[in-house]
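Each remark here refers to the structure printed beneath this line.
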Amino acid sequence: MQRIVSQHLLRNGIYFSSPRILAPNSLKAWFSTTEAPLKDITPKVEEIKAKDVVSKTNVSSPPSQKEPPISIFNNFHEGYPSIPMYKGPSKKRVISDRKRYLHPSIGHHFKNPVMIVNGKMQYLYDETGRRYLDAFAGIVTVSVGHCHPDVVRAVNAQSKLLQHTTTIYLNNKVSSYAKHLVKKFPNPLNVVYFVNSGSEANDLAMMMARAYTGNFDIISLRNCYHGVSLATMGVCGHHTWKQNMAQGLGIHHALNPDPYRGAFGDDGPRYAADVLDLIRAATPGRVAAFMAETIQGVGGTVPLATGYLPEVYNTIRSHGGVCIADEVQSGFGRTGTHMWGFERQGVVPDIVTLAKGIGNGLPLAAVVTTAKIARSITNRLHFNTFGGNPVSSAGGLATLKVLERDGYMANSHDVGEYLMGKLKGLQAKHDVIGDVRGAGLMLGVELVKDRQMKTPASEETAKVMEGMKDDGVLIGKGGLFGNVFRIKPPMCFTRGDADYLIEVMDHQLGKL
């Protein structure tokens, strides 16, 4: 019964392991005024034990959706603010308005979509007040936690002073933020250009590379994703992201150094040889750039084969090009051991693109490069209306300070390693899991119909995701065939959160 109560509490309120909070430090990070002693929580847990009506026969399963919710979060304890009651339009109305007024290309993640109206750190709430464990972070965008008080405070304070001015005027927020950000990079990466999205950042990086080198051809990887502007669409290595129009002029896609599905396993130098062959066969012999994610995100959380980037970077530079690292998803300590994903392979790129977690959900992105490369586009006018916006800059700086102060990278490593071990345990139990991979809190679980042929289990992936959502856990999916769970939560995720995710995933996999 105690285990059932613990699960039930997680689904409807705060995560307990009766009578003690599993992760007090994480909970304190939710709010700025949390000093409640642990002993004060015991009576509430005992009260819920007495009211709990879950059958003992269900001990091995997460609570059913049919069970009546026990509202313990609202007014739970003095010092824990209640989640405000949603008073907006109904879910049915929102779905109707969305279909009528939003572009039809904008889809949703589940057959029965979730309507999210509130968030606190690694948890989200729907219009009924139901709580979900967020293991996808707004598509790898919420880094320090939903509505982190420090970020909210910085954004609100700046909004009261000045919401917008462009870079044609001086403002201390953008320059102060740039100064703090570039200090996180190795020399000579010491100049930053702020934009609004990952697509914009990668588009600008491509333009800089071509302007600086005087060359045009760019090499990227099959299975990669770099955005959906006309330029970045061409760089993408998935047909699913390419509109049927002229795109990709001068783009060449090399073999993907995929340790699980690739022809050469985890042998990075063998894949790197294909880049040299591609330059010799498909370009004038000189290139503008090589662009790659250091862990492929949309492609299914695919780490690049060991030793790949050092070989490729040498090849590209010897043929007149620069090296672009797309850190839109893997940056800011998410991989656990390094601030930037490229550091995992011991290389220093010439251009780095950032977005998503940089602003904890704000429209903010950046291109970081060398002063010499940056000067290459100064012979013509270049301008971004919203890049370096004071509000986004204030939020970005607050996010960066929280990441540093509260040890988010170390937490990503600790919880990520713990979760990886648990996922590998599920792999040993469920034959449908073909591969578990990634680093830190950027993990992937690939489902296959049979392990020898590695036939993608796309339908099974969608079914398990839907079931996990119904049990209160939100994850993403990726890969060309949509058969990879993408587990990339806010970096405040705890071991207790990982335990619940594993329990729910195990339960849903067992229903296949």
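The values are calculated or read from the model by the stated rules, or taken from the named source; none is laboratory data. Model, not experiment: these values are computed from the prediction. So basically every Cβ, Gly included, is an ideal-geometry build from the backbone, and we count neighbours across all protein chains shown. SASA here: full protein model, heavy atoms, side chains in, ligands and nucleic acids out. Shrake-Rupley method; radii C 1.70, N 1.55, O 1.52, S 1.80 Å.
Taking the condition of being under 20 Å from GLY361 (Cβ atoms) and surrounded by fewer than 19 Cβ atoms within 10 Å (Cβ to Cβ), how many residues in region 476-512 meet it?
Summing the residues that are under 20 Å from GLY361 (Cβ atoms) and surrounded by fewer than 19 Cβ atoms within 10 Å (Cβ to Cβ) in region 476-512 gives 0.
Pick out the one residue from THR294, THR301, THR306 that is within 28 Å of the chain's Cα centre (by Cα), modelled with pLDDT under 95 and among the hydroxyl-bearing types (Ser, Thr, Tyr).
THR294
Kindly list the number of the only condition in (1) open to solvent by 20 Å² or more (accessible area, probe 1.4 Å); (2) among the small types (Gly, Ala, Ser); (3) farther than 21 Å from VAL298 by Cα that fails for ALA394.
Exception for ALA394: condition (1).
Could you tell me which of the residues GLY237, GLY250 is of a type in the set (Gly, Ala, Ser) and over 22 Å from the mean Cα position of the chain (by Cα)?
GLY250
Taking region 453-477, which residues are closer than 16 Å to VAL432 by Cα and not in a helix (DSSP H, G or I)?
Matches in region 453-477: MET453, LYS454, THR455, PRO456, ALA457, LYS477.
Cβ-Cβ under 6 Å, sequence separation 6+ or interchain: first residue in region 297-319 and more than 14 Å from TYR271 (Cα to Cα), partner among the basic types (Lys, Arg) and surrounded by fewer than 23 Cβ atoms within 10 Å (Cβ to Cβ). Which pairs?
From region 297-319, the pairs are HIS319/ARG286.
What number goes with the only condition from (1) open to solvent by less than 20 Å² (accessible area, probe 1.4 Å); (2) out of contact with any helix residue (DSSP H, G or I) (no Cβ under 8 Å at 6 or more places or on another chain); (3) farther than 26 Å from THR240 by Cα that VAL302 does not pass?
Unmet condition: (3).
Scan region 140-163 for residues that are exposed (fewer than 15 other Cβ atoms within 10 Å of the Cβ) and without any contact (Cβ under 8 Å) to a residue 60 or more places away in the chain and jot them down. Lay out the reasoning, then the answer.
Restricting attention to region 140-163, the residues satisfying the condition of being exposed (fewer than 15 other Cβ atoms within 10 Å of the Cβ) are 153, 156-157, 159-163.
Hits for region 140-163 are ASN156, LYS160.
Being more than 11 Å from ALA289 (Cβ to Cβ), hydrophobic (A, V, I, L, M, F, W, C) and open to solvent by less than 30 Å² (accessible area, probe 1.4 Å) is the filter here, so list the residues in region 175-226 that pass it.
ALA178, LEU181, VAL182, PHE185, LEU189, PHE194, VAL195, ALA201, LEU204, LEU221, CYS224
Go through (1) within 18 Å of GLN329 (Cα to Cα); (2) open to solvent by 30 Å² or more (accessible area, probe 1.4 Å); (3) charged (D, E, K, R) one by one and return the number of the condition LYS242 breaks.
So LYS242 meets the others, but not (1).
Looking at region 370-391, which of its residues are outside any helix (DSSP H, G or I) and under 28 Å from LEU162 (Cβ atoms)?
THR378, LEU381, HIS382, PHE383, ASN384, THR385, PHE386, GLY387, GLY388, ASN389
Just one of the numbered conditions (1) touching a helix residue (DSSP H, G or I) at 6+ places or on another chain (Cβ under 9 Å); (2) assigned to a helix (DSSP H, G or I); (3) touching a residue at least 40 places away in the same chain (Cβ under 8 Å) is not true of ASP435; which one?
Every condition holds for ASP435 apart from (2).
Restricting to region 118-139, count the residues that are closer than 18 Å to PRO489 by Cα and either open to solvent by 40 Å² or more (accessible area, probe 1.4 Å) or touching a Ser or Thr at 6+ places or on another chain (Cβ under 9 Å) (or both).
Number of matching residues: 6.
If the Cβ limit is 7 Å and pairs must be 6+ apart or interchain, which residue in region 469-485 that is in the same structural domain as VAL302 (by the TED database) pairs with which residue that is of a type in the set (Val, Ile, Thr) and open to solvent by 10 Å² or more (accessible area, probe 1.4 Å)?
none
Please go through (1) aliphatic (A, V, I, L, M); (2) crowded, with 21+ Cβ neighbours inside 10 Å; (3) without any contact (Cβ under 8 Å) to a residue 24 or more places away in the chain for ALA263 and return the number of the only condition it doesn't satisfy.
Going through (1) aliphatic (A, V, I, L, M); (2) crowded, with 21+ Cβ neighbours inside 10 Å; (3) without any contact (Cβ under 8 Å) to a residue 24 or more places away in the chain one by one, ALA263 breaks only (2).
Given the residues ALA457, ALA428, ALA410, which is the only one that is open to solvent by less than 10 Å² (accessible area, probe 1.4 Å), modelled with pLDDT of 95 or more and not hydroxyl-bearing (Ser, Thr, Tyr)?
ALA457
Has region 328-349 got at least one residue that is crowded, with 21+ Cβ neighbours inside 10 Å, in contact with a strand residue (DSSP E or B) (Cβ under 6 Å, 6 or more places away or on another chain), in contact (Cβ under 8 Å) with a residue 24 or more places away in the chain and of a type in the set (S, T, N, Q)?
So far as region 328-349 goes, yes, one or more of its residues are crowded, with 21+ Cβ neighbours inside 10 Å, in contact with a strand residue (DSSP E or B) (Cβ under 6 Å, 6 or more places away or on another chain), in contact (Cβ under 8 Å) with a residue 24 or more places away in the chain and of a type in the set (S, T, N, Q).
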